[in-house]
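Working notes, structure below.
The values are calculated or read from the model by the stated rules, or taken from the named source; none is laboratory data. As the structure is a computational prediction, the values presented were derived from the model and not from experiment. Cβ coordinates were reconstructed from backbone atoms using ideal geometry, including for glycine residues, and neighbour counts include every protein chain displayed.
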Protein chains: 2
Amino acid sequence: MLRISKLTDYATVLLAHLAEDGAGQRTAVELAEWSKIGLPTVSKVLKELQRAGLVVSTRGARGGYSLARSADTISAADILDAVEGPIGLTECSIHPGQCELESNCRVGRTWQRVNLAIHQALADLRLTDLANAEAGAIPELIIRIGPRLTIRSRTESA
Amino acid sequence: MLRISKLTDYATVLLAHLAEDGAGQRTAVELAEWSKIGLPTVSKVLKELQRAGLVVSTRGARGGYSLARSADTISAADILDAVEGPIGLTECSIHPGQCELESNCRVGRTWQRVNLAIHQALADLRLTDLANAEAGAIPELIIRIGPRLTIRSRTESA
DNA sequence: TGGATTCAGGACCATTTTAGTACTAATAAG
DNA sequence: CTTATTAGTACTAAAATGGTCCTGAATCCA
Ligand code: FES
Ligand code: FES
């Protein structure tokens with residue numbers, strides 16, 4: 001359904017680790033060893049995260065990576081966007097007006113809305129929540145599809 | 001973010017057309033001409049939809065395709081599942097226990113939940129809604145992530 | 001200063017997925 | 001029997017993904 005690339009999963013794992021207490025700064029090598037992911041791959045992911053501004057890096061001896069901001073302020077959507085880029089839902093959503101089907105097709109716009117809604121929901125899901133999933137501390141979410149539809153979440157008392 | 005393959009988009013377009021008033025039965029050729037999608041591709045998509053039980057087909061002269069059930073009872077999730085298959089969110093979700101990272105990784109389960117939630121939301125979004133998106137008739141959605149989190153949608157008065 | 005460490009930026013390749021095509025068989029109508 | 005139409009499947013081409021490697025730049029420290 002919703003497919004998350006391996007790279008994104010790696011990113012989440014790594015970020016979650018960086019978010020741990022006292023993790024502070026870690027080198028790519030440390031992270032690779034800890035995570036059992038290949039070093040080049042870890043490097044690549046971290047570089048992307050750096051470009052996206054989710055982690056800060058220090059070069060040179062005693063360098064490494066650490067979170068750019070607190071885990072509270074990093075959302076699942078941030079991670080997705082960072083690693084997978086702002087990819088459109090359909091071809092048409094990228095080049096509007098160029099699609100032959102556009103006249104017939106009323107769907108594009110709706111998928112778009114759904115996409116947007118999901119994105120917004122994920123924007124409310126914090127790294128903290130991802131990391132502590134088992135603890136179950138997941139906060140309230142509000143999603144809005146288009147001008148009319150709202151999706152809202154709240155914590156149920158189990 | 002959420003990426004929908006072209007094929008899925010085609011499927012939606014075609015289904016929406018079949019759902020139109022008085023559409024009844026259409027041949028693959030008609031649908032191809034109407035939609036401006038290549039005939040072989042249209043064929044392929046329709047065959048998949050047939051296998052998934054979303055459309056029924058009649059062979060031979062005067063044959064064609066039509067919806068297997070009313071557009072009310074076909075959900076966005078059905079379409080996704082039909083065309084894209086029941087693909088897991090991450091590698092690990094498919095082969096649990098085989099992943100080296102599993103010990104470190106607390107994320108998998110959460111992504112899983114998110115995925116599930118989205119799927120459920122989409123299960124409440126009907127073909128009817130997709131087809132009439134512009135009319136804005138989008139109903140209430142309820143999403144549940146795990147035992148604790150609930151995402152709920154409702155129609156806002158604009 | 002110079003060497004060691006560590007990230008930055010690409011280029012690059014292998015594999016998998018996706019999209020699309022083609023061909024043959026089956027089924028039904030007339 | 002002939003024609004219309006879907007079913008099944010195999011195949012190819014193109015793109016995305018996952019992963020590697022190399023070269024250069026920053027930083028630290030002796
Ligand atoms: S398929 Fe192009 S606009 Fe819907
Ligand atoms: S990456 Fe395999 S369990 Fe999370």
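Checking the condition within 30 Å of B:LEU18 (Cα to Cα) and at pLDDT 70 or above, which residue from A:ILE118, A:ILE94 passes?
A:ILE118
Just a yes or no: is a residue in region B:22-37 over 30 Å from A:THR8 (Cα atoms), under 18 Å from the mean Cα position of the chain (by Cα) and within 14 Å of chain A (Cβ to nearest Cβ)?
No, because not a single residue in region B:22-37 is over 30 Å from A:THR8 (Cα atoms), under 18 Å from the mean Cα position of the chain (by Cα) and within 14 Å of chain A (Cβ to nearest Cβ).
Before we move on, is B:ARG69 modelled with pLDDT of 90 or more, of a type in the set (D, E, K, R), within 19 Å of B:ALA123 (Cβ to Cβ) and not assigned by TED's automatic domain parsing to the domain that holds B:ASN115?
yes
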